[in-house]
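Peer 1: One structure is given below, represented as structure tokens, and several questions about it will come after.
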Amino acid sequence: LQAEGVPSVSYTGWQVPVATDSSYTKARIESIDDKRVRADLAAGKVVVIAGFQGVDAEHNITTLGRGGSDTSAVAIAAAMKADECLIYTDVDGVYTT
């Protein structure tokens, strides 16, 4: 995006931060601090956030497990009080564990 002249910033889950519990490979989102993202959006930047990951209370990077990227998108949209959350995927159908 930046190479195309679009002001943008990218974050991993711990940088947002997306706070999770400590469950290995199946962490649950506990909270999302939207201040940093809102500040970037207010500054006119496109914000890209890596899904599927967060950070626990001990600052360990955690992963959310199957469907974690979609879960991250929906949770971040909810934290931001977005009007909608669009998810584009190359996966056929819905899978469960």
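The values are calculated or read from the model by the stated rules, or taken from the named source; none is laboratory data. Just so it is clear, the structure is predicted and the values come from calculations on it, not from any experiment. No Cβ is skipped: glycine too gets one built from the backbone with ideal geometry, and neighbour counts run over all protein chains shown. Only protein heavy atoms, including side chains, enter the accessible area calculation; ligands, DNA and RNA are left aside. Shrake-Rupley method; radii C 1.70, N 1.55, O 1.52, S 1.80 Å.
Peer 1: Can we say A57 is touching a residue at least 24 places away in the same chain (Cβ under 8 Å), in a loop (DSSP other than H, G, I, E, B), of a type in the set (A, V, I, L, M) and open to solvent by 70 Å² or more (accessible area, probe 1.4 Å)?
Peer 2: Judged against the criteria, A57 is a match.
Peer 1: OK, next. Take the range 29-54 and flag every residue that is assigned to a loop (DSSP other than H, G, I, E, B) and surrounded by 14 or more Cβ atoms within 10 Å (Cβ to Cβ).
Peer 2: D34, K45, A50, G51, F52
Peer 1: Scanning for something among the hydroxyl-bearing types (S, T, Y), in a loop (DSSP other than H, G, I, E, B) and open to solvent by 30 Å² or more (accessible area, probe 1.4 Å), does the range 74-92 turn up at least one residue?
Peer 2: Checking the range 74-92: at least one residue is among the hydroxyl-bearing types (S, T, Y), in a loop (DSSP other than H, G, I, E, B) and open to solvent by 30 Å² or more (accessible area, probe 1.4 Å).
Peer 1: On the given criteria, is S22 part of a loop (DSSP other than H, G, I, E, B), within 30 Å of G93 (Cα to Cα), open to solvent by 60 Å² or more (accessible area, probe 1.4 Å) and at pLDDT 95 or above?
Peer 2: Yes, satisfied.
Peer 1: State yes or no: is T71 open to solvent by 60 Å² or more (accessible area, probe 1.4 Å), touching a residue at least 40 places away in the same chain (Cβ under 8 Å) and not in a loop (DSSP other than H, G, I, E, B)?
Peer 2: Yes.
Peer 1: So, in the range 50-60, of the ones that are among the aliphatic types (A, V, I, L, M) and at pLDDT 95 or above, which residue ends up farthest from A3 (Cα to Cα)?
Peer 2: A57
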